[in-house]
Structure formats: structure tokens, C-alpha cells
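Worksheet: the structure to be examined is printed underneath.
What follows is calculated from the coordinates using simple rules that are stated; it is not laboratory data. Owing to the predicted nature of the structure, the values given are computational and were not obtained by experimental measurement. In this analysis, Cβ positions are derived from the backbone assuming ideal geometry, glycine residues included, and neighbour counts consider all displayed protein chains.
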Amino acid sequence: MDREISVDLRRSLKALRLGKLLPTLPDRLRLARERKLDPEDFLLTLLTDEIQRRDQHRHTLRALEAGLLPDLVFDSWDRGTDVTLNTGLLEELRTLKFLERHHHVLIAGPVGVGKTMLAHSLGHLAVLRDYSVHCESAEKLLHRLKASRLDNSYERELRRLREVDLLIIDDLALRPMDARETGDLYELVVSRHRKGSMIVTSNRDPSEWLSLFSDPLQAQSLVDRFSNNALDLVIEGPSYRRRQKPRSGV
């Protein structure tokens, strides 16, 4: 295949930073000859390939920077799982209209039913549509904000979390939170109210969050603002992870 591409053409493509076309170029050239493609059509095909490759590469990098796991996308969602959810609401969420309207999303349900999968999948869609996204577990987020006070980067970190188009917090309310953690979450929810969207996954209903925050007034204000601006996607069913349990002899 390499002999079909001249040294001069190879050098020119690399000089134009189009070297990624080289692996598929022999096949494209052969197809163009067989179908007697017009030169303009052939050039458009090559450039379309490169545009798609660059778009995919850009999405991959932005998703990585956002903290999204590459395998947690809708194409990997197992429709055969024994879980129940509002599929109409899920399809509505996939349009990302909630982002345009600055609404939140609560994905609630027991352990292992796919809450994190759906949150990350929606995050990937948002990245594809050029929204800025940050995704992090509640535990890591709270720990990072607490640690940022030690190097005086707290305000910078908080500003970044306030300004991102979509903030995804996974596994919120797994445990009681101290005064500083309560204050940080309160600040995030209040500052993003009607200004930016959040997706929160939790094993608990928001009414159960109240007892986990150290300050009752902040807790009530936080839960009221979030709950009354959120679409609730409730998932019920057995843990998907049971199906992934290793078996003897396999």
C-alpha cells in the first residue's frame, strides 16, 4: 500500500499536518480509481475524513479533561438490564434542553443500576455539542476543595465549578458532611441556581440529604433550590454489577 503514495505526496501531507490521512489514503485512492470519482468529490471525501477524525480527537481530549470515563457512553448502555426508568424523560434529557434552560437533573436509585453510566453519557453528549463539562465524585470534589485552601487555590477552583456549563457530581450524600463540606456544596448550588446546570447521582432522595448536612438552614436552602429546579430520573432494579461477577472456570 505504501508504494501507492509517493514520497513527495507523503512529505506534503505531513507539512500541511495532514499526515493522519496516510493510513487510509491508499484505500481512498483505489476507491477513487475504481469509481472514477471526480477530483473535487475525492478531495471532499478526504477532507471529510480528516474533519471527522479531528472532531473525534477533540471530543476525546475534552471528555478526558472533563473527567468523563470513555466507556460510559450511550452506545454502551445495556438495554437488556432488568431496570425500570422513565424512558421518555431519558430521551428528553438526551436532547440537552435542560442545559439550555439551566435546569438540573437528579439521577436516583439503588447501588449498581447505572446512575453513573447515564450521568457520564449525558456529559459526553454535552461535550460533543461544545458545552463545557466537569465531572467528579462528590467525595473527590469535597476533598479537593478542602485541600485547595492549603495552597490558596480555593477561589479559583470554586470559580471554575461555578462557571462550567454542566457540573456532574456523582454519588452525593453517601455520608454525613462537616461544616466546611456543607458550606462548599451550599455555595455551589446557590451560585449555579438558574445560571448553570448540574447532574447529581445519589442513592438517596433529596429529603434524606437534610440530615447529612451539618447546618440545617444551609441544608434546607440547598435542597430547596436544587430539588425545585431538577428533573428527577429514578432508576429501580437489581445491581448491574451482579452480571459482571466472575464465575469459576470462566
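In cubic angstrom, how much convex hull volume per residue do the alpha carbon atoms of the stretch 131-222 span? Expressed per residue, the convex hull around the Cα atoms of the stretch 131-222 is 89 Å³. Within the straight-line cut-off of under 29 Å between alpha carbons, the lysines reachable from residue 36 are 14, 20, sequence neighbours fewer than 8 places apart in one chain being disregarded. According to the Cα-based calculation, Rg over Rh for the chain is 1.11, with Rh computed by the Kirkwood formula. Distance between the pseudo-spin-label points of residue 147 and residue 159 (7 Å out from Cα toward the beta carbon): 2.2 nm.
Annotation note: trypsin sites (Lys or Arg not before Pro) in the stretch 116-197 located in DSSP loop regions with a Cβ neighbour count of at most 16 within 10 Å are 129, 149, 194, 195. Basic side chains Lys and Arg get +1 at the Cβ, acidic Asp and Glu get -1 at the Cβ, and with that the dipole of the stretch 165-213 about its Cα centre reaches some 180 debye. Taking θ as phi - 60° and the Karplus parameters 6.51, -1.76 and 1.60, the scalar couplings of the stretch 204-212 work out to 10, 6, x, 5, 7, 5, 3, 6, 8 Hz in sequence order, x denoting glycine and proline. Principal-axis analysis of the Cα atoms of the chain puts helix 179-192 at an angle of about 60° to the longest axis.
Full extension of the chain segment joining residue 239 with residue 187 gains 15.4 nm, where the gain is 0.36 nm per residue of separation less the Cα-Cα distance.
What angle, in degrees between 0 and 90 and rounded to the nearest 10, separates the Cα long axis of helix 154-163 from the longest principal axis of the Cα atoms of the chain? Value to nearest ten degrees: 70.
For the chain, the longest principal axis of the alpha carbon atoms and the long axis of helix 138-148 meet at an angle near 90°. Comparing 186, 154, 131 in a Gaussian network model of the chain where C-alpha atoms under 10 Å apart are linked, the largest mean-square fluctuation is found at 154. For the stretch 116-132, putting each phi into the Karplus relation 6.51 cos²θ - 1.76 cosθ + 1.60 with θ = phi - 60° gives couplings of 5, 4, 5, 4, 5, 4, 5, x, 4, 4, 5, 4, 4, 9, 6, 7, 7 Hz, in residue order, rounded to whole numbers and with x for Gly and Pro.
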